[in-house]
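Inspection log for the structure reproduced underneath, given as structure tokens.
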Amino acid sequence: MSNLSRRASESLDIIVIGGATAGLACAYAMQVAGHKVRVLEKACGPRTHAAGGDLSPPNMTRILDRWGLSAYLSRVAPKLRGVHFKMSTNGETMRTSLFPEDIMRGFGAEYVFLAYSDLLGALYDLASKAGVVFQYKATVVSIDPEKASAQLASGEVIEGDLLIAADGVHSLARSLISQSIPYGSYGRLHHFCQASSSISADIIRENIELAPLFNSTELNIWMGDGYGITGYPIVSDGEVRINRSDVFRHGGLNNAQEEEISIHATGLKLHELDVRLRALVSLPKVLIKRVYVPQGPLGNLVHESGKVILVGGAAHPLPAHWTQSTAIAIEDAATLEILFSHLSSRDQLPALVSAFEEIRLPRSKSVVESEIPKLEAVVLNHSGTRAMQAARADPHLSTASSKPLTGWDSDLEDTLRAEWEELIAMFDYDASEMAEDWWVTWGALMRSRMEDDSLGNATEKTVVTRQPSVTQRTLHQAIPAVGDAHSSSQDR
């Protein structure tokens, strides 16, 4: 249960469209904040038996810990301690990035592998115990943003004070709020097909070469020409998750919905793969395919009526099961939890909705602009790259960064420093703290204006600033600034 002790003194009727990760998290967050929440889900029942896995970086795990899931995660979620980048054709390690212990400790939360079914189940249990009402077989066919209402396929109309659209990348509400924007030329010319599957641990253990994968604490990424394959262990349900991402020319795949396909339907040339990787990808009989079209960050997350909010995949165009794809939805929920726990009058609704957008838009932009290039880098043509040529020519280069890092060595490359500064910006972000900062800055002003019967002015756009966190201060004390590093390298 959330450690939030404050509850709104005025309760709103909240409608959440979608019962997957974002919907469950936001429903729970708003319920514990003191509101009455109803989830509309088109499935026949709780979505707690989904296959596959997910990543929970520190910025997500921190929130789950606060919601009382720390002990549960320690049982079911293995810790991630690094990433291996490998060549798909021969299995050579091009690079290994291990996470420095002191930096990870500074985040105050772990980076873990998590079974998707475990996450859904945990969130569903939290929401149902908190009192969230679930309405299944409830397919939403239209939304009236002015009334915060949703019409179901049955003809029933559900109306509330606020509608939270957690209906994924094909969101019905998104077109009412913001237009999708192609992510540069890459988004206009290509799109990605992600094919996912899970393999029983018993099968993995029977293969001597594959068995180490099950015990690994690192994420394995095999890179090839036009595709990437990731694999990591999910201990809780005895499975190893394989997530595959291919890039295709636009128009190559017309079906944007999830469907089952075989490994041969992906076009992957098995005979070109390293023996161990070939065995790994050949094990699952069926893959779940989904299409992802890169898009730029949305310009708005709330409707001009102030009664509809986009969250999760509906708000942040990210590839499924990528580093921050689930984390950003959990952040949305934590932001709503803190903001709406302060509500004392329905007249505050426009200001709090505006605050949500003001806080989340910059974060969404930074995450989208960080995640999509990483996906593109994995699936580019690697056979002619300098890194791969160098790895072939000098095998020692492929393990040069594989030693455990307990601090920042003075000879770390500038690029590695920059990468870690970006990771810290991603991992150290505290959604709850950002929302509390907003309230500390603007809450008193809101109450004052309410007392003066001039709440309308309180919905003006505000800029939220935050002092560097302990982790960020520690980092910049421990290593030279990036600019200084460039200067020193030029001097040498």
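A short reminder: the numbers here are calculations on the coordinates, not readings from a lab. In this text the structure is predicted, and so the values were computed from the model without any measurement. Every residue, glycine as well, gets a Cβ built from its backbone with ideal geometry; the counts of neighbours run over all protein chains shown.
What to note about this one:
- Percent of alpha-carbon pairs separated by more than 22 Å within the range 11-141: 48 percent
- Sorting 77-90, 326-339 by their mean Cβ neighbour count within 10 Å, with the most densely packed peptide first, gives 326-339, 77-90.
- Cα-based equivalent ellipsoid of the range 316-360: semi-axis lengths in Å, sorted from largest, via gyration tensor: 26, 10, 6
- Residues Arg346, Arg449, sorted so that the one with the fewest Cβ neighbours within 10 Å comes first: Arg346, Arg449
- Relative packing of 421-432, 350-361, 63-74, 260-271, which averages over residues the other C-beta atoms within 10 Å, highest first: 350-361, 421-432, 63-74, 260-271
- Computed lengthening from Lys42 to Glu433, 0.36 nm per intervening residue step minus Cα-Cα distance: 137.4 nm
- Taking a point 7 Å from the Cα of Lys79 along the Cα-to-Cβ direction, the residues of the range 92-109 with backbone N closer than 13 Å to it are 99-109.
- Note on the range 95-112 and the range 18-34: Cα centroid distance 29 Å, given to the nearest whole angstrom.
- The range 86-179: Cα Rg divided by the 2.2 N^0.38 Å rule of thumb: 1.73
- Ordering of 112-123, 312-323 by burial proxy (mean other Cβ atoms within 10 Å per residue, highest first): 312-323, 112-123
- Reciprocal mean inverse distance between Cα atoms of the range 1-72 - Kirkwood radius, Å: 13.7 Å
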